[in-house]
1. Quick check on region 1-98: take the gyration tensor over C-alpha atoms, sort the square-rooted eigenvalues as a ≥ b ≥ c, and tell me if it's rounded (a/c under 1.5), prolate or oblate.
2. I need the phi-derived Karplus couplings for region 118-128: 6.51 cos²θ - 1.76 cosθ + 1.60, θ = phi - 60°, integer Hz, Gly and Pro marked x.
3. Within a Cβ distance under 14 Å of A73, other residues only, what is the Lys/Arg minus Asp/Glu net charge?
4. Taking the Cα centre of region 1-151 as the origin and placing charges on Cβ (Lys, Arg +1; Asp, Glu -1), which of I7, F29, V138 is farthest toward the positive end of the dipole?
5. Between rounded, prolate and oblate, where does region 119-205 land on the alpha carbon gyration tensor, with a ≥ b ≥ c its root eigenvalues, rounded for a/c under 1.5, else prolate if a/b exceeds b/c?
6. Show the residues, 5+ positions off or on another chain, whose built amide H is closer than 5 Å to the amide H of F176.
7. Mind telling me which of L91, L105, L165 comes out most flexible in a GNM of the chain, alpha-carbon contacts under 10 Å?
8. What's the magnitude of the charge dipole for the chain around its Cα centre, counting Lys and Arg as +1 and Asp and Glu as -1 at the beta-carbon? Answer in Debye, nearest 20.
Amino acid sequence: MTQLLRINSSSRLEGSHSAAVADACEAEFRQKHPGCRVITRNVADGSIPLIAQKTIEGFYAPQDALTDDLKAATVLSDELIAEIQGSDMLLLAVPIYNFPIPAALKAWIDQISRIGHTFSMDETGFKGLVKARRAVIVCAYGAEGYLQEEPFAAANFLEPYLKFLFGFLGIEKIEFVHVQGTATAAPQAFTGKLEEARSEARRVA
């Protein structure tokens, strides 16, 4: 069964512009893959804590040294990684918060970026182990000018980070859909921008 893993990271659990564009992508994906399975994680709801010392200890402990405490500390990571490894495509809805990604999304990333599970390392270097072949990332920007060769592009730490991260983890095709001016554009102008982003999201789905 085809599986889509969707990650919503906006603190706006209602009225999120990144989620609205991701909705269009998900709807198109469902239409193209009847009967597919969709897993949705709203990471800003507090369900994913910041990574703790016990979790890190569990990540690096040999299998024969995993105590019950260490197993408990890594059970969420195991669950999140299983969701990724069982998915054909990832769909992320990501607003820019003070230039990089939201802290809630970083908490999820810290749980799923795990040696021996989503990447490996040996004398030849690093290798990504994530089985999903595609990631579609919807990015929402409160102001204009964040995209490549635009005036504020140097302040966009969201897209370069996510492109590197998912490539590092082994995802071969990473596509971005953008909507800018969510906080600054005039209402009528923003309506047009939002619809353009939705159309692009449907196209890449």
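The values are calculated or read from the model by the stated rules, or taken from the named source; none is laboratory data. On a predicted model such as this, the values are computed, not experimentally measured, just so you know. Cβ placement follows ideal geometry from the backbone for every residue including glycine, while neighbour counts extend to all protein chains displayed. What goes into the accessible areas is simple: the full protein's heavy atoms, side chains included, and nothing from ligands, DNA or RNA. Shrake-Rupley method; radii C 1.70, N 1.55, O 1.52, S 1.80 Å.
1. Judged from the Cα gyration tensor, region 1-98 comes out oblate (a/c at least 1.5, b/c at or above a/b).
2. Residue by residue, region 118-128 yields 10, 7, 10, 9, 9, 5, 8, x, 9, 9, x Hz.
3. Net charge in that neighbourhood comes out at -3.
4. Looking along the dipole axis, the top candidate is F29.
5. oblate
6. Distant-sequence amide H within range of F176: I137.
7. L165
8. Using Cβ point charges on Lys, Arg, Asp and Glu, the chain gives about 440 debye.
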